[in-house]
Amino acid sequence: MSNDWSPPGQAPATRQPLLSDTPPVYQRTPSGVLYELISPGTGPAAGPGSRVSFEYTLRRANGYFVYSTASCGVGCGDGTPESATLGQPDGPLIAGLDELLQGMQAGEKRRALVPGRLGYVREGLAPQPPEFGQRRQVLVHNAEGLIWEVRLVKIRQ
């Protein structure tokens with residue numbers, strides 16, 4: 001018996017898959033950040049020296065939610081994007097996120113696995129979640145990879 005219901009006398013409705021039938025395409029940066037393109041952007045790509053604004057959701061490698069800049073309730077930000085200047089050697093931005101943002105266009109969204117060696121390798125690196133428990137999550141688990149979902153909001157060259 002078909003589970004597609006349609007009114008009598010009409011052709012059965014076509015069902016849309018909930019998830020894409022196309023497997024994701026992963027790319028790897030030179031230093032080892034593994035990412036997939038979620039949605040493309042437009043305009044020029046960000047590069048070294050670009051000042052960018054971006055939104056992000058951060059999870060540990062096991063999927064445990066740590067923080068999001070989105071206004072989504074408890075444990076989240078107020079919707080204000082983060083800002084950073086890309087390509088600064090020993091700059092405040094974690095190396096894996098800096099590398100991920102370079103090459104992105106405004107509006108582009110990527111999901112990435114940033115290895116621990118390119119993450120929070122020392123205190124004071126940005127972006128920092130605002131609450132103590134969230135900051136402790138990234139510092140205590142700094143050897144494990146982190147999953148970032150990043151949307152580039154704006155680029156200023």
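The values are calculated or read from the model by the stated rules, or taken from the named source; none is laboratory data. All figures in this text were calculated on a predicted structure; none of them were measured in a lab. Ideal geometry is used to build each Cβ from the backbone, glycine not excepted, and the neighbour counts take in all protein chains shown.
Scan (1) closer than 22 Å to Gly145 by Cβ; (2) surrounded by fewer than 18 Cβ atoms within 10 Å (Cβ to Cβ) for the single condition Ile94 breaks and write down its number.
Of the numbered conditions (1) closer than 22 Å to Gly145 by Cβ; (2) surrounded by fewer than 18 Cβ atoms within 10 Å (Cβ to Cβ), the odd one out for Ile94 is (2).
Which of the following residues is over 16 Å from Ser50 (Cα atoms), out of contact with any helix residue (DSSP H, G or I) (no Cβ under 6 Å at 6 or more places or on another chain) and in contact (Cβ under 8 Å) with a residue 12 or more places away in the chain: Gly116, Gly107, Gly133?
Exactly one of Gly116, Gly107, Gly133 is over 16 Å from Ser50 (Cα atoms), out of contact with any helix residue (DSSP H, G or I) (no Cβ under 6 Å at 6 or more places or on another chain) and in contact (Cβ under 8 Å) with a residue 12 or more places away in the chain, namely Gly116.
Cβ-Cβ under 6 Å, sequence separation 6+ or interchain: first residue in the stretch 74-97 and outside any helix (DSSP H, G or I), partner of a type in the set (Lys, Arg). Which pairs?
Thr85/Arg51
So which residues in the stretch 97-145 are surrounded by 17 or more Cβ atoms within 10 Å (Cβ to Cβ) and of a type in the set (Val, Ile, Thr), if there are any at all?
Those that are surrounded by 17 or more Cβ atoms within 10 Å (Cβ to Cβ) and of a type in the set (Val, Ile, Thr): Val114, Val138.
Every residue in the stretch 84-135 that is more than 28 Å from Pro40 (Cβ to Cβ) and of a type in the set (Val, Ile, Thr), please.
Residue satisfying the conditions is Val121 alone.
Sort out which residues of the stretch 34-48 are over 16 Å from the mean Cα position of the chain (by Cα) and not aliphatic (A, V, I, L, M), and write them in order of number.
Thr42, Gly43, Pro44, Gly47, Pro48
For the stretch 136-157, name all the residues that are at pLDDT below 95, under 25 Å from Pro40 (Cα atoms) and either among the hydroxyl-bearing types (Ser, Thr, Tyr) or more than 16 Å from the chain's Cα centre (by Cα) (or both).
Arg156, Gln157
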